[in-house]
Amino acid sequence: MDIVVDANAYLAVVLNEPEKQRIIEITKGAEIVSPEVLPYEIGNALVAMFKRKRLSREQVLKSFNIFDIIPTHLENINTFAALEIACDYDIYAYDAYYLELAQRLKLPLLTMDNQMKEIAKMLNIKILNI
């Protein structure tokens with residue numbers, strides 16, 4: 001089974017958050033699909049944590065290296081459709097990219113973002129619960 005996985009799930013895994021094991025269980029044997037912007041989003045999130053003194057430089061680089069070895073199929077997004085979702089639901093474009101991808105490819109979505117889960121339900125996207 002293919003699964004669209006949100007950046008927050010990747011971050012939970014690479015940062016050893018409590019949800020890590022459950023995310024690994026859910027995605028085991030699945031093809032993980034994410035928008036092509038995923039590496040940039042992960043990099044930005046890690047640097048934001050560095051700027052807030054939550055991670056050291058070494059932790060940022062180590063975490064990105066861990067992320068980089070997770071087998072992920074990066075998929076093109078329909079930016080126009082994603083922007084429609086973002087405007088219709090008053091969310092960031094980055095969040096809408098995952099929703100657009102899951103909706104268009106008819107794949108379940110794995111996210112830890114409650115607002116995205118609610119919007120996904122409205123868009124008839126199956127949610128995988130962590």
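Bear in mind these aren't lab numbers, they're just calculated from the coordinates by the rules spelled out. Predicted, not measured: the structure shown is a model, and the values here were computed from it. For neighbour counting, all protein chains shown are included, and Cβ atoms are generated from backbone atoms with ideal geometry for every residue, glycine included.
Once amide H atoms are placed 1.01 Å from N in the peptide plane, what residues at a sequence separation of 5 or more from Ile91, or on another chain, have their amide H within under 5 Å of its amide H?
Sorted by chain and number, the residues that satisfy this come to none at all.
Whole-Hz Karplus ³J(HN,Hα) for the range 12-28, in order, using 6.51 cos²θ - 1.76 cosθ + 1.60 and θ = phi - 60°, x for Gly and Pro?
4, 6, 5, 9, 6, 6, x, 7, 3, 4, 5, 5, 4, 4, 5, 8, 4
Could you please rank Ile130, Ile119, placing first whichever residue has the fewest other Cβ atoms within 10 Å of its Cβ?
Starting with the residue having the fewest Cβ neighbours, the order is Ile130, Ile119.
Can you give the FRET efficiency to the nearest 0.05 for Lys53 and Thr79, using r as the Cβ-Cβ distance and R₀ = 35 Å?
With a Förster radius of 35 Å, E is 0.55.
Between Ile127 and Leu61, with labels modelled 7 Å along Cα→Cβ, what's the label distance in nm to one decimal, could you check?
Placing both labels 7 Å beyond Cα along the Cβ direction yields 3.9 nm.
For Glu75, what residues show an amide H to amide H distance below 5 Å, using hydrogens built from the backbone and excluding near sequence neighbours?
Amide H neighbours of Glu75: Ser34, Glu36.
Can you tell me which of 65-76, 39-50, 93-104 comes out highest on packing, and rank the rest after it, using the mean Cβ neighbours within 10 Å?
Output ranking for 65-76, 39-50, 93-104: 93-104, 39-50, 65-76.
Under 5 Å between amide hydrogens, which residues at least 5 positions from Ile127 or on another chain qualify, with H placed 1.01 Å from N in the peptide plane?
Those qualifying (amide H under 5 Å, at least 5 residues apart or on another chain) are Leu109.
How high is the relative contact order of the chain, in percent, counting Cα pairs under 8 Å that sit 6 or more residues apart?
Numbers: 179 pairs, mean separation 39.7, N = 130.
Relative contact order, the chain: 31 percent.
Using θ = phi - 60° and the Karplus curve 6.51 cos²θ - 1.76 cosθ + 1.60, what whole-Hz ³J(HN,Hα) does each residue of the range 118-127 get, with Gly and Pro shown as x?
Karplus-based 3J(HN,Hα) across the range 118-127 equals 5, 5, 4, 4, 5, 8, 6, 9, 5, 9 Hz.
Rounded, prolate or oblate for the range 1-42? Axes are the square roots of the Cα gyration tensor eigenvalues, ordered a ≥ b ≥ c, and the cut-off for rounded is a/c under 1.5.
It is oblate, given that a/c is not under 1.5 and a/b is not larger than b/c.
Any chance you could list P(r) for the chain, counting all Cα-Cα pairs in 10 angstrom bins from zero, rounded to whole %?
All Cα pairs, binned at 10 Å, distribute as 13, 44, 34, 9, 0 percent.
Karplus couplings for the range 53-62 from phi (6.51 cos²θ - 1.76 cosθ + 1.60, θ = phi - 60°), rounded to Hz, Gly and Pro as x?
Each residue of the range 53-62 in turn: 6, 8, 9, 7, 4, 4, 5, 4, 5, 5 Hz.
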